Amino acid sequence: MRDAAALHPPWTVRAEAAGSPDAGALLREYYTEVADRYFALYEGRRSTPREIEEGLAEYPSADLMPPRGVLLVARAGGVVAGCAGVRMLDARTAELKQMFVRAPWRGRGGAGRLLTTAESAAVRLGAERMRLDTRRDLVEAVALYRRHGFAEIEPYHDDPYAEVFFEKRLAGAPRSAEPAARRPSPG
């Protein structure tokens with residue numbers, strides 16, 4: 001029988017440069033998984049290396065850095081296990097991007113920890129609310145966001161792969177009377 005510490009090692013989440021080796025590997029693994037799931041569902045196949053490279057180029061992570069964003073890397077017991085990006089869409093609206101936990105670490109509390117840390121990072125960036133998009137086939141993600149208080153909203157951009165849009169008012173954020181401006185997001 002394994003002990004509880006081995007099954008549920010302590011999680012740490014810290015900001016890291018999107019270009020670091022650990023962050024780069026996580027972002028590639030994230031994109032490969034969502035692309036593979038999409039192509040398996042709609043075309044009965046896995047993504048090709050070329051499609052992964054094209055996708056990474058189409059959805060760069062350069063905006064996940066200060067002063068308008070951050071990339072968070074989660075470690076479980078010191079092992080790189082997941083990531084989440086936050087970028088500001090406008091002065092009061094943050095967007096969650098590239099939320100990902102590696103398969104061996106799922107179901108161990110890391111996604112919730114990443115999401116909570118991303119919300120706190122958004123507040124530090126000045127956000128009052130956080131938005132995100134996902135696909136309906138990413139049922140685990142949809143369930144996570146609903147479980148953490150995100151409510152479905154109308155689309156706020158026109159990415160053809162985004163099917164479900166969410167928003168959440170952030171705890172601890174200053175409230176403004178002025179509504180956030182809507183602008184397209186490249187995903």
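The values are calculated or read from the model by the stated rules, or taken from the named source; none is laboratory data. Here the structure is a predicted model, which is why all the values come from computation and not from measurement. Cβ sites come from the backbone with ideal geometry, for glycine too, and all protein chains shown count toward neighbours.
Yes/no matrix, rows are residues, columns are (1) surrounded by 16 or more Cβ atoms within 10 Å (Cβ to Cβ); (2) in contact (Cβ under 8 Å) with a residue 24 or more places away in the chain; (3) of a type outside the set (D, E, K, R); (4) on the phi > 0 side of the Ramachandran plot:
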position	(1), (2), (3), (4)
PRO9	yes, yes, yes, no
ALA18	yes, yes, yes, no
ALA25	no, yes, yes, no
PHE39	no, no, yes, no
THR48	no, no, yes, no
PRO60	no, no, yes, no
ARG75	yes, yes, no, no
Reported set for the range 41-68 where residues are assigned to a loop (DSSP other than H, G, I, E, B) and over 19 Å from the mean Cα position of the chain (by Cα) is GLY44, ARG45, ARG46, SER47, THR48
Can you tell which of ARG102, ARG87, ARG124 is over 20 Å from LEU138 (Cβ atoms), of a type in the set (Lys, Arg) and modelled with pLDDT of 95 or more? ARG124
Residues in the range 86-134 that are surrounded by fewer than 20 Cβ atoms within 10 Å (Cβ to Cβ) and at positive phi total 3
I'd like the full set of residues that are closer than 19 Å to GLY82 by Cα and among the β-branched types (Val, Ile, Thr), limited to the range 14-70. THR32, VAL34, ILE52, VAL70
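Considering the range 163-179 alone, what residues qualify as being at pLDDT below 95 and surrounded by 13 or more Cβ atoms within 10 Å (Cβ to Cβ)?
ALA173
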Please work out which residue is nearest to TYR156 (Cα to Cα), limiting yourself to the range 79-89 and to residues that are over 10 Å from the mean Cα position of the chain (by Cα) and touching a residue at least 60 places away in the same chain (Cβ under 8 Å). LEU89
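I'm trying to understand the selection: among the residues of the range 115-155, which are over 13 Å from the mean Cα position of the chain (by Cα) and either within 20 Å of PRO67 (Cα to Cα) or touching a residue at least 40 places away in the same chain (Cβ under 8 Å) (or both)?
SER120, VAL123, ARG124, LEU125, GLY126, ALA127, GLU128, ARG129, ASP137
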Can you find even one residue in the range 30-38 that is part of a loop (DSSP other than H, G, I, E, B) and of a type in the set (D, E, K, R)? no
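Only one of these is over 26 Å from TYR156 (Cβ atoms), of a type in the set (D, E, K, R) and out of contact with any Lys or Arg (no Cβ under 6 Å at 6 or more places or on another chain): ARG92, ARG50. Name it.
From the options ARG92, ARG50, the qualifying one is ARG50.
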Please tell me if ARG14 is among the charged types (D, E, K, R), part of a strand (DSSP E or B) and loosely packed, with under 14 Cβ neighbours inside 10 Å. yes
